[in-house]
Amino acid sequence: FSAKETARWAEVVADPEVARSLDALGFDPDSASEQRPDGGWNAQTLRRHTAIVAGADEESADAWAATSLPDRKLAAWVHSGVLPSTAGDWRELDFSPTGASVWAANGFSPADADAWRRAGVAPEIAARRRDAGVRPPVT
C-alpha cells in the first residue's frame, strides 16, 4: 500500500495482513469500514465473512474460519460441499476442491479416495467396487 492507502487502512483495521486479505477480496477501506463487524476485522472475522459470502450457513461459518485452508482458497472449499472438518485432510492429500467434492459426494473419506485415486480408479467406479465389498488395491 502507498502511505496514503496505509493511513486509510489503519483507520479500518489494525492488522496489515487482514488489510491485505480484505484488499485481495475486493474491499477498499471505505467498503471494509461499512461492512466491519461489531467486533472489528481480525483474521477470524474475515475468514468467517468469506465463508458466509461463499455460501456457508451461520453454523458452519465458524468451522470454516477455523480451518487451516489459505484465505485465497477458502471460498472455493466452501463451494465444494465437503465438510469443513475434512477439507484440510483433502487438501493435504492434494485434492482440489472440485476433486474432493466428487469423491465426497460418492461417500469416500479423504484417505479412501486417495487410495482409489492412486490406483487410477475413477470415483464412480470406485464407489461401485466399494459397494460390492472390494477394497482399493495397495500401491
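The values are calculated or read from the model by the stated rules, or taken from the named source; none is laboratory data. Here the structure is a predicted model, which means the values were calculated and not measured. Please note: Cβ atoms are built from the backbone with ideal geometry, for glycine as well, and neighbour counts cover all protein chains shown. Heads up: the accessible areas ignore ligands, DNA and RNA and are worked out on the full protein's heavy atoms, side chains in. Shrake-Rupley method; radii C 1.70, N 1.55, O 1.52, S 1.80 Å.
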Please identify the pairs in which a residue from the range 72-87 that is free of Cβ contacts under 8 Å to residues at least 12 places away in the same chain and of a type outside the set (Phe, Trp, Tyr) has its Cβ atom under 7 Å from the Cβ atom of a residue that is surrounded by 14 or more Cβ atoms within 10 Å (Cβ to Cβ) and not in a helix (DSSP H, G or I), counting only partners at least 6 apart or on another chain. none
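Within the range 45-69, how many residues turn out to be open to solvent by 20 Å² or more (accessible area, probe 1.4 Å) and either under 23 Å from SER96 (Cα atoms) or β-branched (Val, Ile, Thr) (or both)? Spell out how you get there, then give the answer.
In the first step, residues of the range 45-69 are kept if they are open to solvent by 20 Å² or more (accessible area, probe 1.4 Å); the result is 45, 47-49, 52-53, 55, 57-60, 62-63, 66-68.
Now restrict to residues that are either under 23 Å from SER96 (Cα atoms) or β-branched (Val, Ile, Thr) (or both): 45, 47-49, 52-53, 55, 57, 60, 62-63, 66-68.
So the count comes out to 14.
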Counted residues, the range 29-87 - those being acidic (Asp, Glu), over 28 Å from PHE1 (Cα atoms) and at pLDDT below 90: 2
Taking LEU69 as the residue in question, decide whether it is closer than 30 Å to TRP90 by Cα and touching a helix residue (DSSP H, G or I) at 6+ places or on another chain (Cβ under 6 Å). yes
Could you list, in sequence order, the residues of the range 71-106 that are surrounded by fewer than 20 Cβ atoms within 10 Å (Cβ to Cβ) and β-branched (Val, Ile, Thr)? THR86, THR98, VAL102
Can you report the number of residues in the range 103-122 which are within 23 Å of the chain's Cα centre (by Cα) and either acidic (Asp, Glu) or not in a helix (DSSP H, G or I) (or both)? 6
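What do you reckon, is VAL12 over 28 Å from ASP131 (Cβ atoms), among the aliphatic types (A, V, I, L, M) and in contact (Cβ under 8 Å) with a residue 12 or more places away in the chain?
Numbers: over 28 Å from ASP131 (Cβ atoms): yes; among the aliphatic types (A, V, I, L, M): yes; in contact (Cβ under 8 Å) with a residue 12 or more places away in the chain: yes.
Spelling it out, VAL12 is indeed over 28 Å from ASP131 (Cβ atoms), among the aliphatic types (A, V, I, L, M) and in contact (Cβ under 8 Å) with a residue 12 or more places away in the chain.
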Looking at the structure I just gave you, is ILE125 modelled with pLDDT of 95 or more, open to solvent by 30 Å² or more (accessible area, probe 1.4 Å) and part of a helix (DSSP H, G or I)? yes
Note on LEU25: of the conditions (1) touching a residue at least 24 places away in the same chain (Cβ under 8 Å); (2) open to solvent by less than 80 Å² (accessible area, probe 1.4 Å); (3) closer than 20 Å to VAL78 by Cα, unmet is (2)
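Please go through the range 28-39 and pick out each residue that is within 22 Å of the chain's Cα centre (by Cα) and open to solvent by less than 40 Å² (accessible area, probe 1.4 Å). Don't jump to the end; show me each part of the working.
Going residue by residue through the range 28-39, those that are within 22 Å of the chain's Cα centre (by Cα) are 32, 35-37.
Result: ALA32, single match.
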Filter result for VAL13 (buried (at least 19 other Cβ atoms within 10 Å of the Cβ), closer than 30 Å to PRO136 by Cα and among the aliphatic types (A, V, I, L, M)): no
